[in-house]
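Reviewing the structure listed below.
The values are calculated or read from the model by the stated rules, or taken from the named source; none is laboratory data. Keep in mind that this is a model prediction, so the values were computed, not measured. Cβ placement follows ideal geometry from the backbone for every residue including glycine, while neighbour counts extend to all protein chains displayed. Each accessible area value is taken on the protein alone, full model and side chains, heavy atoms only, with ligands, DNA and RNA left out. Shrake-Rupley method; radii C 1.70, N 1.55, O 1.52, S 1.80 Å.
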Amino acid sequence: TELLAPLSGQINAIKVAVGDKVIKGQELISLVAMKMENIILAEFDGEIEKISVAAQDCVHTGQLLIEFK
């Protein structure tokens, strides 16, 4: 499964690393859009397989952010 950007903006912080096990509701990424910080949460339990963005990257709606095992 994949996590896609819900809106366009700039990645402020990535709060997980490859190999981390996450639980539903855990903070994954902080995204700044229109001067507001948006916290993207895990929608299910899983393990991080790949992170496709870095802090300060600009992303577009629907862009791949994280892949899960």
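Structural remarks
- Residue in the range 25-36 that is modelled with pLDDT of 95 or more, open to solvent by 50 Å² or more (accessible area, probe 1.4 Å), closer than 24 Å to Lys69 by Cα and part of a loop (DSSP other than H, G, I, E, B) present: yes
- Complete set of residues in the range 3-17 that are within 22 Å of Gly62 (Cβ to Cβ), assigned to a loop (DSSP other than H, G, I, E, B), open to solvent by 40 Å² or more (accessible area, probe 1.4 Å) and touching a residue at least 24 places away in the same chain (Cβ under 8 Å): Pro6, Leu7, Ser8
- Checked against the criterion of being of a type in the set (Gly, Ala, Ser), in contact (Cβ under 8 Å) with a residue 12 or more places away in the chain and closer than 14 Å to Glu2 by Cβ, the range 46-55 contains one or more residues that satisfy it.
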